[in-house]
Each structure stands twice: as structure tokens, then as C-alpha cells.
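The values are calculated or read from the model by the stated rules, or taken from the named source; none is laboratory data. Predicted, not measured: the structure shown is a model, and the values here were computed from it. Note that we place each Cβ from the backbone using ideal geometry, even for glycine, and neighbour counts take in every protein chain shown.
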There are 2 protein chains.
Amino acid sequence: MTKQTRGEDTRARILVSAEQGFAQTGYDSTGVAEICKAAGVSKGAFYHHFTSKEEVFLELLDRWLTSLDRQLADVAASDGSLQEVLDGLSKMAPQILQEAGGQYAILLEFWTKARSDPKVWQSTVAYFQRYREFFVGLLANTPGGGSMALEERQAAAGVLVAMIIGLLLWGALDPKAADWSCVTRTGLELFVRGWQGKGLPSNDRKGEQK
Amino acid sequence: MTKQTRGEDTRARILVSAEQGFAQTGYDSTGVAEICKAAGVSKGAFYHHFTSKEEVFLELLDRWLTSLDRQLADVAASDGSLQEVLDGLSKMAPQILQEAGGQYAILLEFWTKARSDPKVWQSTVAYFQRYREFFVGLLANTPGGGSMALEERQAAAGVLVAMIIGLLLWGALDPKAADWSCVTRTGLELFVRGWQGKGLPSNDRKGEQK
DNA sequence: GATAAAATACCGACTGGTCGGTATTTATTG
DNA sequence: CAATAAATACCGACCAGTCGGTATTTTATC
């Protein structure tokens, strides 16, 4: 093993162990010593590759966001309709939510730390927004969606993102509380139906009561 | 001031300061000394009234859940329809979300700590479920809702709760990102429309009518 | 291609400071 | 003079980060 690859390997092992630690017990309660032990590496090696524990965290966040961007770009490039994209999301759901119980639990850590760390906050909030804007664009392509006021589309897109956030959080916290992929599918279905019925003034103003 | 009232006052001040601290900077980064200082109280007083920092946290959680139960009971007792209840929620939203940026930020702390503390986890998860079950009951009272399979109602109720969770989290994290009461209203509207259109195979299969 | 020099990867004992919690003392009330 | 409430000084565990030193690989020189 050449020197360089060895170094890269060590670095990678540290990142993996840190991610596991953060995901399982949180940033604060995961000590550097612990990470090192799990990675089979000394503290010296740790601080050889990273200047601080926080730097490790930020790199993990960065990697996560990058992969997210890639996924988003993929979906956006496919140029599908709302229905298609949400169907796609539906299909991705089981896999993502599967991981949510395990590795994706680090999501919670990102959101938690966003409160105290401005850098993390900015990144976190920014990708919420990015997702929302993405959906705003999508909604404009639905029948009647183009004529909708921007605010309405923004609000609806916000709802969608909030729903996804909620599902991820709840799913990560309590994977066995429900069949999450089923709930996700239902949520997206309801959303689409609600949105498509929005133009029509039918059932809302006077219609039902019970 | 009698001895007893003095004690109660001290105790209350500690709780308030602790809540503020936890909400603003999180459980871990809020030291006991800090809480005491904010409350204008000594460490001795703190440990006179509480056996540990964690006990304070659990009491705050307990109070929060109790008040939540009360609200839930109120709404349930009113025996309203889905529409009415969600309208009620819509009206409560501005107030709650107002506080979300400030005091309700402690919600995040509860959810965070739920990951590492089994007690907190149990409580947290339990009230998610309780809320969901509440909505399941409500959904049964909608036109056509009674005939719906239990799983469908559960999934839909889960969606609703997830949406609310997402809105609270996002709203607490970034109060200025949107007009949250508007987004909430939109979300509930979309949900109701989506749910009421659910029985009918209308919009997506073939034509449309109601 | 041998050898010296430099750079890189790594080790682990140690430190400085933080923080939850305790022990002891002092004040206040009934 | 009890007994409760509150203040102060202090302890010990823990932990992020440091530092002096070693081992291994690469580069330079002849």
C-alpha cells in the first residue's frame, strides 16, 4: 500500500466512524477518542488529517449536501411532470427511509447543530429552500399551475418540503411506528390530488359538512 | 414572603431559565451555572430543588406534554368535524408558530434528546402516535371516511402529523423563510381537498366531477 | 543503486479547562 | 431552636486539542 493511499484510507475510516458515532449518539456525546478507537486509529492520526472535530462534521455535512444536489440535479434533468417526479420520490422512499433508521439518523444531528452553528444553519436552511424552489418550478408545470399566484405555489411547495422533513424526522426517530413508504406514498398522493383540485372551487366553500 | 412561596418561586425561576437556555442553545451547551445565573440563584439552590440537570429537563418535557394533552382533550371534546378541527388548527397556527421561533424551539431539544434518552424517546414517540390516533378518529367522521380501510386512514393521519412536525421544525429553525401561518393554512387545505377527493377515482384516472 | 535528507503518516501521554455534582456553611422562617 | 432555603467553595471526571517523538515512504545527490 503506497503512503498516499494509506493516508486516504485512514481519513476515510475516520469519516465513517465519525458518521456512525454522530448518527448513533449525537455530535456532543461522541468523543474524538471514541471515533479514533472505532476507526482503529490514534488521536495523532485524527489531528493529522483534520484540524478539529467540527471540521469532520462539516465535511460530512458537505458530502451529504453534495450527494443531495446530485440527486436533485438528476431528477430535474429528467424534466418530468409533477406526477412523475413525485412517483419517482415515492419509489425512492423505501430505500431512503430504510437508511433513515440507521445512517440517515445523522440528519437529525445536522438539524440539531444548525441551531447553534451558523455555518451549519446556513447550509441546512439553504437546502430546504433549494428543494422548495425546485418544487415551485414543478408546480408551475401542472395543469392550471402556471396561472396560480407565485405565493400559492411557494406555499404549496413549502408544504411538500415540510411533509418530507416531517416524514424523515419521524421515520428516523421511530422506524417501526408505521410503514413509512406507504405513508409517504399516501402523502404524495394526497398532495397531488389536493393541488390538482385547487383551481376548481368545487368542494370547498359551501359543500360538505357533517 | 413565606418560606414556601419563596421556595416555589425559586423553583419556578430555575425552570424558566432552564427552558430559555435549552431552547436557545440546546441542552448540552446550557450549563447549570448558566441557568443559575440567569435565574438569579445559586447552585446550591438549584440542587436543593432538583437532583440533576436532567430532572429539570424531564420536568419541562412533562409540563409540555401535559399542556398538549389538555389542548388535545379540549379539541376532542368539541366533537367537531375534520374541517372544523383543521380550521381551528389553522387559527392557532400563527400564535404557535410565533412562539416556535422563541419558546417552542425547545421542541427541537426534546426531539434531539429523544435519540439518546429512552425516557424522552418514549414520551416523544408516544405523543406523535397519540396525535395520529386522534386524527384517525377524525378522518372516520368525514364523508366516505368511515368506509375507508383503517390503514388508509392511519397513513393519511400520519401524513398530517408529519406535515405538522415538519412545519414546526422548519418554522422553529427559520422563522423568516416563509409566512408560516399561510403555509400551514395551505397545507391543511390541500390535505382536506386531497382526502375528500380520495374516494372518488376522479381526477387522475379519468375526467372530474364531484 | 546506495545513501542521505526531507516529507509524510502516525502514536499516545499529557494538559488546560469545562461542567455536573457535592460538602459545608450561612441565612431565614416558624 | 429546629428545619428549610440558599450561598460558596470545591471535587473529580471527562474531553478537545497539543506535543514530542517514531516509523515509513519519497526525493535528491552522488
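No other residue among B:Ser116, B:Ser147 is outside any helix (DSSP H, G or I) and either under 20 Å from A:Ser116 (Cβ atoms) or within 7 Å of chain A (Cβ to nearest Cβ) (or both) apart from B:Ser116.
Among the residues of the range B:28-37, are any of a type in the set (Asp, Glu) and within 8 Å of DNA strand C (Cβ to nearest atom)? Among the residues of the range B:28-37, at least one is of a type in the set (Asp, Glu) and within 8 Å of DNA strand C (Cβ to nearest atom), which makes the answer yes. Note on the range B:1-104: enclosed helices (runs of 4 or more DSSP H) holding 3 or more residues that are modelled with pLDDT of 85 or more and within 16 Å of DNA strand D (Cβ to nearest atom) are B:3-25, B:32-39, B:43-49, B:53-78. Restricted to the range B:162-180, and to residues that are buried (at least 23 other Cβ atoms within 10 Å of the Cβ), farther than 19 Å from A:Trp195 by Cβ and at pLDDT 90 or above, which residue is farthest from the chain's Cα centre (by Cα)? Going through the qualifying residues, I end up with B:Trp170. Looking only at the range B:181-193, residues that are more than 15 Å from A:Glu152 (Cβ to Cβ) and either surrounded by 24 or more Cβ atoms within 10 Å (Cβ to Cβ) or facing another protein chain (nearest Cβ under 7 Å) (or both) come to 1 in all. Scan the range B:64-71 and give yes if some residue there is closer than 26 Å to A:Tyr27 by Cα and touching a residue at least 40 places away in the same chain (Cβ under 8 Å), otherwise no. Yes, the conditions are met somewhere in the range B:64-71.
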